[in-house]
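Everything below concerns the one structure shown next.
The values are calculated or read from the model by the stated rules, or taken from the named source; none is laboratory data. Every value quoted in this text rests on a predicted model; they were computed, and no experiment measured them. Here the Cβ is made from the backbone with ideal geometry for all residues, glycine too, and neighbour counts use every protein chain on show.
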Amino acid sequence: MMYDRKPIALAAIAALALGVAGAALAQSAGGVAAALANGSVGEQADGYLGFRGAASDGLRAEVEAINIKRRAAYTQLAAQRGVTVKDVAATVGCETLQTRVQQGRAYLLPDGVWRTKGADPITLPAYCGGN
Amino acid sequence: MKKPASLLVRLTAAFVGGCVQIQAPDKPIEINLNVNIKQEVVLSLKKDAADLVTNNPELFPQ
């Protein structure tokens, strides 16, 4: 009898896990977008998202999930082009700082200082190669 | 006895001076090279990076 119930219990656990993952995925866009808007999360020159201030565990998990997916995409492109993942990530960092960070949003340069984007374009690191 | 000694001192000074002159510009040149190489790699990847961002909007929320 015990052996008969096991698959059902496992299926229930799997369904629960899927439900949680689905809920987290659905929430991720909204949570991170809100954190970007209020400046607690921002784009970093290294090509990943980072925290300017304290963050809840939930937000931290959402941002880390995005960074893991970014890293996977960078790794794929790096392999195709024969460069390091860091090179690809830094290039994407140049791109996001130049085109994605909106006015009033937080961003981090290689000097380790978080800044808030003003009306002027962000002064990119020298290796970004100008505009 | 004095003349050969002063000649030796002069030769040594010239030799040491030569060494220092060769080593001094080494570091700045190396740093500049690293920056140039990195910039070249970044420039070569620029279009790929832009495509990666536009093709994966879920990874780059705004």
(request) Confirm whether A:Ala15 is at pLDDT 50 or above, more than 14 Å from chain B (Cβ to nearest Cβ) and either exposed (fewer than 12 other Cβ atoms within 10 Å of the Cβ) or in a helix (DSSP H, G or I) (or both). (result) yes
(request) Read through the list (1) more than 25 Å from B:Lys46 (Cβ to Cβ); (2) touching a residue at least 12 places away in the same chain (Cβ under 8 Å); (3) under 12 Å from the mean Cα position of the chain (by Cα), then give the number of the only condition that A:Ile66 fails. (result) (1)
(request) Output the residues belonging to region A:105-117 that are surrounded by fewer than 16 Cβ atoms within 10 Å (Cβ to Cβ) and either of a type in the set (Val, Ile, Thr) or within 10 Å of chain B (Cβ to nearest Cβ) (or both). (result) A:Val113, A:Thr116
(request) Please work out which residue is surrounded by the fewest Cβ atoms within 10 Å (Cβ to Cβ), limiting yourself to region A:80-104 and to residues that are at the interface with chain B (Cβ under 7 Å from one of its Cβ atoms) and without any contact (Cβ under 8 Å) to a residue 24 or more places away in the chain. (result) A:Gln102
(message) Among (1) within 14 Å of chain B (Cβ to nearest Cβ); (2) at pLDDT 95 or above; (3) within 23 Å of B:Val41 (Cβ to Cβ), there is one condition A:Gly42 misses while meeting the rest; what is its number?
(response) (3)
(message) Can you tell me which residue is farthest from A:Tyr107 (Cα to Cα) among those in region A:40-80 that are aliphatic (A, V, I, L, M) and in contact with a Gly (Cβ under 9 Å, 6 or more places away or on another chain)?
(response) A:Leu59
(message) Restricting to region A:42-62, name every residue that is assigned to a helix (DSSP H, G or I) and either surrounded by 23 or more Cβ atoms within 10 Å (Cβ to Cβ) or in contact with an Asp or Glu (Cβ under 8 Å, 6 or more places away or on another chain) (or both).
(response) A:Glu62
(request) Go through (1) within 11 Å of chain B (Cβ to nearest Cβ); (2) under 29 Å from A:Gly118 (Cβ atoms); (3) under 10 Å from the mean Cα position of the chain (by Cα); (4) of a type in the set (Lys, Arg) and name the single condition A:Arg60 misses. (result) (1)
(message) Against the conditions (1) more than 9 Å from chain B (Cβ to nearest Cβ); (2) farther than 25 Å from B:Gln39 by Cα; (3) not hydroxyl-bearing (Ser, Thr, Tyr), where does A:Ala33 fall short? Just the number, please.
(response) (1)
